[in-house]
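Engineer: Got a structure here, written out as structure tokens. Questions coming.
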Amino acid sequence: MAAMDITPKTVVLGVTGGIGAYKACELARSLMRAGIRVRVVMTESATKFVTPVTFRALTREPVAVSLWDEPDAKIHHISLGQEADVMVIAPCTANVIAKLAHGRTDDLLTTTALATEAPLIVAPAMNVHMWRKEITQANVAALRARGVMFVEPESGELACGEVGEGRLAAVDSIVAAALEELGRARELEGVCVLVTAGGTREPIDPVRYIGNRSSGRTGFAIAEEAARRGADVTLVTGPATLADPFGVRTVRVETALQMRDAAEEAFDDADVVIASAAVADFRPAEASEGKIKKDDAPDTIELVPNPDILASLAERKGSRVLVGFAAESGDAAAGARAKLMAKHLDLVVANDITEPGLGFDSARNRVTLVTAQGDEELPEMDKRVLARVLLDRVTAIMKG
Ligand code: CTP
């Protein structure tokens, strides 16, 4: 592991135009009391509630409002996004939530939010009816699905005189969420992580193959999250329609044999191996060089077993943390426990593939994490959120 980093962490605090904007002053102070550097970016409407001077005085840092403030200075939305270890938007109006959900960037705050690779925490505040509206909830759900974290508004008397949920969450809750994310931000600095993902394609001829329905989403999400936490990540993936995750060395392969070769190459340096790939257990004994014509179609295709990549890596486990996946139809946890033992794994992610609408080819999954200490049943969640939980557990295992 790398030496401890003592440079202060930075929260970019986005403040939007709601009556709760004054509470963002207290939030900035609380974050600073926790030893965090705070850079404030405000929307134009936020400045109608609190002036930039207030935040400037509190944070002793310049406050950014306009995309056009200082044309000669570093490009703000990029530099602010890069400085952020975590970005927090509090209070966040319905309008800004809608803009974030649709990738609109018509001011410095929303541009920074889109440009940053840092985790984004949103603390909404608005009228109860606006909060409850289907469109707002759909926008919140869309953002959650992309990994944005929400500190839910509280119930109580609202500035508009109505009573209901919509009040900005307590400053302490927002600070706690930010600290939790900051804790993770560089947690895997200096750690090498190898992730296998996707399904493999075993050729029958140049056109046809034996494959499976794995989309690679889980593995890509894990690789991306590990990189976000500072790890040096190699992702070895079978064919997937997903783009290379940011900051990850991505190696694209087709077959199980190619996946094995690429995984073995990255294994020596790896401290953690997460094998989420759905490797084809068998391949055609021979792949035809030319396309097989209909009339020449064989009655049977002879199959030979593929090597078990994870099992063979596990023989050289050393002090590495190894995580396997188990796709079961039936008692998922029981099958996973057997794999845990057989492959000398530290953790197995078990999922029941018979669950309709989940797992393979879906953005969501419900899994059980199985370790020697016991089972942890997780609720249904987005695969990005699952990646977070899984890496929290892996980190805990590494710390012993
Ligand atoms: N795995 C692998 N190489 C293979 C097969 C599987 O690395 N040739 C890894 C997978 O990435 C996964 C775990 O091993 O982490 C799955 O184990 P496996 O025994 O193949 O289980 P299932 O595919 O779930 O099914 P079965 O119980 O039928 O073996």
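The values are calculated or read from the model by the stated rules, or taken from the named source; none is laboratory data. A quick note: this is a predicted structure, and the numbers were derived from the prediction, not measured. As a convention, Cβ positions derive from the backbone with ideal geometry for all residues, glycine included, and neighbour counts pool all protein chains shown. In case anyone asks, the SASA skips ligands and DNA or RNA and just uses the protein heavy atoms, side chains included. Shrake-Rupley method; radii C 1.70, N 1.55, O 1.52, S 1.80 Å.
Engineer: Mind pulling the angle between the C-alpha long axis of helix 21-33 and the longest principal axis of the chain? Nearest 10 degrees, somewhere in 0 to 90.
Structural biologist: Relative to the chain, helix 21-33 is tipped by roughly 70 degrees.
Engineer: Going by alpha carbons, how many degrees (0 to 90, nearest 10) lie between the helix axis of 332-342 and the longest principal axis of the chain?
Structural biologist: Taking Cα atoms only, the helix is inclined about 70 degrees.
Engineer: As a test of reading the structure, rank LYS293, LYS99, LYS399 by solvent-accessible area (1.4 Å probe, protein chains only), most first.
Structural biologist: Per-residue accessible area, sorted high to low, gives LYS399, LYS293, LYS99.
Engineer: Taking the convex hull of the alpha carbon atoms in the range 10-185, what volume per residue do you get, in Å³?
Structural biologist: Working: hull volume 17.4 nm³, N = 176.
Value for the range 10-185: 99 Å³ per residue.
Engineer: Ok, one more. Please state the equivalent ellipsoid semi-axes for the range 214-272: what are the square roots of 5 times the Cα gyration tensor eigenvalues, largest first, in whole Å? Before the final figure, lay out the partial values.
Structural biologist: On the way: eigenvalues 60, 48, 13 Å².
Ellipsoid half-lengths, sorted descending, are 17, 15, 8 Å.
Engineer: Is it possible to state the helix-based mean residue ellipticity at 222 nm for the chain, with each DSSP H run of 4+ residues giving -39500 (n - 2.57), the sum divided by total residues, to the nearest 500 deg cm²/dmol? What is it? Intermediate results must be reported in sequence, preceding the final value.
Structural biologist: Numbers: 13 runs with 135 residues, N = 400.
Computed ellipticity for the chain at 222 nm equals -10000 deg cm²/dmol.
Engineer: Further question on the same structure: Relative to a virtual label point 7 Å from the Cα of THR354 in the Cα→beta-carbon direction, which members of the range 312-326 show backbone nitrogen distances below 20 Å?
Structural biologist: Taking a point 7 Å out along Cα→Cβ of THR354, the residues of the range 312-326 whose backbone N falls under 20 Å are 326.
Engineer: Please check the chain for the longest run free of chymotrypsin sites (Phe, Trp or Tyr not before Pro) that are loop-located per DSSP (anything but H, G, I, E, B) and have at most 10 other Cβ atoms within 10 Å. Before the final figure, lay out each step's value.
Structural biologist: Working: sites that count: TRP68, PHE246.
Longest site-free region, per DSSP loop and neighbour criteria: 69-245.
Engineer: What FRET efficiency comes out for ALA311 versus TYR22 if R0 is 56 angstrom and r is the Cβ-Cβ distance? Round to the nearest 0.05.
Structural biologist: E between ALA311 and TYR22, to the nearest 0.05, is 0.40.
Engineer: Next question. Give the value in nm², to one decimal: projected area of the alpha carbon convex hull of the range 283-400, averaged over all directions. Could you put the intermediate results ahead of the total?
Structural biologist: Numbers: hull surface 41.7 nm².
Spelled out: convex hull of the Cα atoms, projected over all directions, averaged, 10.4 nm².
Engineer: May I pose another question? Provide the gained length on full extension for the span ALA334 to ARG252, in nm with one decimal, where the gain is 0.36 nm per separating residue minus the Cα-Cα distance.
Structural biologist: On the way: separation 82, 0.36 × 82 = 29.52 nm, distance 3.22 nm.
Extra length available between ALA334 and ARG252 comes to 26.3 nm.
Engineer: Counting heavy atoms of the protein chains only and a 1.4 Å probe, report the per residue accessible area for the range 10-185 as a whole number of Å². Intermediate results must be reported in sequence, preceding the final value.
Structural biologist: Working: 7830 Å² over 176 residues.
Here the residues of the range 10-185 average 45 Å² of exposed surface.
Engineer: Could I ask something else about it? Dipole magnitude of the range 192-399 about its Cα centre, charges +1 at Lys/Arg Cβ and -1 at Asp/Glu Cβ only, in debye to the nearest 20? The partial results should precede the final answer.
Structural biologist: On the way: 26 positive and 34 negative charges, 112 e Å.
Magnitude of the dipole: close to 540 debye.
Engineer: Can I ask one more? Place a point 7 Å from Cα of GLU162 in the direction of its Cβ. Which residues in the range 82-98 have their backbone N less than 14 Å from it?
Structural biologist: 94
Engineer: Same structure, new question: For each pair in LYS133/LYS383; LYS291/LYS343; LYS99/LYS383; LYS48/LYS133; LYS343/LYS399, compute the distance between the two Cα atoms and list the pairs where it is over 28 Å.
Structural biologist: Cα-Cα > 28 Å for LYS291/LYS343; rest within.
Engineer: Taking all protein chains in place and a 1.4 Å probe, what share, in percent, of the accessible surface of the range 10-185 do carbon and sulfur account for? Please list the in-between numbers first.
Structural biologist: Details: 4210 of 7830 Å².
In the range 10-185, the share of accessible area belonging to carbon and sulfur is 54 percent.
Engineer: Follow-up. Need the full-extension length gain, ALA297 to THR51, defined as separation in residues times 0.36 nm minus the C-alpha distance. One decimal, nm. Present the calculation step by step, with values, prior to reporting the outcome.
Structural biologist: Numbers: separation 246, 0.36 × 246 = 88.56 nm, distance 7.59 nm.
Length difference between fully extended and current span is 81.0 nm.
Engineer: Could you give the dipole magnitude of the range 10-185 about its Cα centre, charging the beta-carbon of Lys and Arg +1 and that of Asp and Glu -1, in debye to the nearest 20?
Structural biologist: Values: 17 positive and 20 negative charges, 16 e Å.
About 80 debye.
Engineer: Go ahead and run the numbers for FRET between THR241 and ALA142, Cβ-Cβ distance against an R0 of 22 Å, rounding to 0.05. Please list the in-between numbers first.
Structural biologist: On the way: r = 20 Å, r/R0 = 0.90.
After rounding to 0.05, the efficiency reads 0.65.
Engineer: Which of the aspartates and glutamates could a cross-linker span from LYS339 if the Cα-Cα distance has to be under 18 Å and same-chain partners fewer than 8 positions apart are dropped?
Structural biologist: Counting by Cα, and skipping residues close in sequence, LYS339 has these aspartates and glutamates nearby: ASP281, ASP308, GLU315, GLU328, ASP331, ASP352, ASP375, GLU376, GLU377.
Engineer: Counting alpha carbon pairs within less than 8 Å and at least 6 residues apart, what relative contact order, in whole percent, applies to the chain? Kindly include the intermediate steps, with their values, before the conclusion.
Structural biologist: Working: 859 pairs, mean separation 44.4, N = 400.
Normalised by residue count, the contact order of the chain is 11 percent.
Engineer: Over the alpha-carbon set of the range 192-399, work out the extent along each principal axis and list the three values in angstrom, largest first.
Structural biologist: Each principal axis gives a Cα extent; for the range 192-399 these are 59, 36, 32 Å.
Engineer: Moving on. Per 0.36 nm of contour for each residue apart, how much would the distance between VAL207 and GLU152 grow if the chain were fully extended, relative to their Cα-Cα spacing? Don't skip to the answer; put the middle values down first.
Structural biologist: Working: separation 55, 0.36 × 55 = 19.80 nm, distance 5.06 nm.
Contour length minus Cα-Cα distance gives 14.7 nm.
Engineer: Of the DSSP beta bridges with both residues in the range 276-390, give the percent that are antiparallel, rounding to the nearest 5.
Structural biologist: Values: 13 of 19 bridges.
If I count the DSSP bridges inside the range 276-390, around 70 percent turn out antiparallel.
Engineer: What does the accessible area per residue of the range 192-399 come to in Å², with a 1.4 Å probe and no ligands, DNA or RNA counted? Could the numbers behind the result be given before it?
Structural biologist: Working: 10250 Å² over 208 residues.
I get 49 Å² per residue for this part.
Engineer: Could you give the Stokes-Einstein D for the range 134-269 in µm² per second, using the C-alpha Kirkwood radius, 20 °C, 1.002 mPa s? Mind showing how you got there, number by number?
Structural biologist: Details: Rh = 18.0 Å.
The estimated diffusion coefficient comes to 119 µm²/s.
Engineer: Here's something else I'd like to know. Can you tell me what share of the DSSP beta bridges in the range 10-185 is antiparallel? A percent to the nearest 5 is fine.
Structural biologist: On the way: 4 of 21 bridges.
Roughly 20 percent of the DSSP beta bridges within the range 10-185 come out antiparallel.
Engineer: Quick one: angle between helix 256-267 and the longest Cα principal axis of the chain, in degrees between 0 and 90, rounded to 10, please.
Structural biologist: The angle comes out near 60 degrees.
Engineer: Could you tell me which of rounded, prolate or oblate describes the chain, using a ≥ b ≥ c as the square roots of the eigenvalues of the alpha-carbon gyration tensor, with rounded for a/c under 1.5 and, failing that, prolate when a/b is larger than b/c and oblate otherwise?
Structural biologist: Values: a/c = 2.16, a/b = 2.02, b/c = 1.07.
Because a/c hits 1.5 or more and a/b exceeds b/c, the chain counts as prolate.
Engineer: Counting DSSP beta bridges in the chain, what percent are antiparallel, to the nearest 5?
Structural biologist: Details: 19 of 61 bridges.
Antiparallel: roughly 30 percent of the beta bridges in the chain.
Engineer: State to the nearest 20 debye the size of the charge dipole of the chain about its Cα centre, where the only charges are +1 on K and R beta carbons and -1 on D and E beta carbons. Spell out each step's value before the answer.
Structural biologist: Details: 45 positive and 57 negative charges, 193 e Å.
Using only the charged Cβ atoms, the result is roughly 920 debye.
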